[in-house]
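Read through the structure below, which is laid out as structure tokens, and then see the notes.
The values are calculated or read from the model by the stated rules, or taken from the named source; none is laboratory data. No experiment lies behind these values; they were computed from the predicted model shown. Please note: Cβ atoms are built from the backbone with ideal geometry, for glycine as well, and neighbour counts cover all protein chains shown.
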Amino acid sequence: MTTEELKAHIRVIPDFPVKGIMFQDITTLLKDKDCLQELLNRLYEHYKDKGITKVVGIESRGYILGAALAARLGAGFIMARKPGKLPAETLSETYTKEYGTDSLEIHKDAISEDDVCLLHDDLLATGGTTSAGLRLVRKFNPRKVYVSFLIDLVDCPRAADYSGGAEVFSVLEVIENPV
């Protein structure tokens, strides 16, 4: 399956959730079994030789392929959740959004210094959530951290140093507002 065929399965919804946003709806991409398999295959091929021991999925759409990829890589899966959702003691990182602040949390015993982590989310826009997730994972001092996305909105202005120097891979690069 080609990159263009994958992109053709993304439903674009104008003015959602607010006016001026061209929302990239991945539900139409994920419901197609061939697209889903192709996305997972591309992520696996990119990371299979990197020594990944933990995949950290960002709530909630980072869980979808993050957990499947962890299973295929023979790695553990860690949930980065919104505050108050995890039952044991956590570490957290707060970040600023367009309309306030939010936080991500991970259990304190989730990652060790021997781990090689892959932080995964569905979409890179401004990079605020990713930047917070990366800072949070680095609190555990793992050996290495990689960052991956299904979609990179390449024309979206980055509000934060989302990569923090980590190697970043996106399966698809999409122009949100093509001219």
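For the subset of the range 41-74 comprising residues that are in a loop (DSSP other than H, G, I, E, B) and under 16 Å from the mean Cα position of the chain (by Cα), which member is modelled with the highest pLDDT?
Ranking the candidates gives 52 first.
Any idea which residue in the range 1-40 is nearest to residue 175 (Cα to Cα), counting only those that are among the polar types (S, T, N, Q) and part of a helix (DSSP H, G or I)?
The selected residue is 3.
Conditions (1) free of Cβ contacts under 8 Å to residues at least 12 places away in the same chain; (2) among the aliphatic types (A, V, I, L, M); (3) under 14 Å from residue 165 (Cα atoms), marked per residue:
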site: 96; (1), (2), (3): no, no, no
site: 109; (1), (2), (3): no, no, no
site: 116; (1), (2), (3): no, yes, no
site: 125; (1), (2), (3): no, yes, no
site: 132; (1), (2), (3): no, yes, yes
site: 147; (1), (2), (3): no, yes, yes
site: 152; (1), (2), (3): no, no, no
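What are the residues in the range 128-155 that are surrounded by fewer than 23 Cβ atoms within 10 Å (Cβ to Cβ) and over 19 Å from residue 65 (Cα atoms), if any?
Matches in the range 128-155: 128, 131, 135, 138, 139, 140, 141, 142, 143, 144, 154, 155.
The conditions are (1) touching a residue at least 60 places away in the same chain (Cβ under 8 Å); (2) in a loop (DSSP other than H, G, I, E, B), and residue 163 fails exactly one of them. Which is it?
(1) is the only condition that residue 163 fails.
Right, residue 140: touching a Leu at 6+ places or on another chain (Cβ under 9 Å) and in a loop (DSSP other than H, G, I, E, B) or not?
Here the answer is yes, as residue 140 does meet what is asked.
Any residue that is at pLDDT 95 or above, within 17 Å of the chain's Cα centre (by Cα), surrounded by 13 or more Cβ atoms within 10 Å (Cβ to Cβ) and of a type in the set (A, V, I, L, M) - is there at least one of those in the range 2-9?
So far as the range 2-9 goes, no, none of its residues is at pLDDT 95 or above, within 17 Å of the chain's Cα centre (by Cα), surrounded by 13 or more Cβ atoms within 10 Å (Cβ to Cβ) and of a type in the set (A, V, I, L, M).
Could you tell me which numbered condition residue 54 fails, if it satisfies all but one of (1) touching a Gly at 6+ places or on another chain (Cβ under 6 Å); (2) touching a residue at least 40 places away in the same chain (Cβ under 8 Å); (3) crowded, with 21+ Cβ neighbours inside 10 Å; (4) within 25 Å of residue 154 (Cα to Cα)?
Status for residue 54: all satisfied but (4).
Working only within the range 25-48, note down all residues that are in contact with a strand residue (DSSP E or B) (Cβ under 7 Å, 6 or more places away or on another chain) and surrounded by 16 or more Cβ atoms within 10 Å (Cβ to Cβ).
Residues satisfying the conditions are 26, 39, 42, 43, 46, 47.
When residues of the range 94-124 are filtered for being under 30 Å from residue 18 (Cα atoms) and surrounded by fewer than 20 Cβ atoms within 10 Å (Cβ to Cβ), how many remain?
Matching residues across the range 94-124 total 10.
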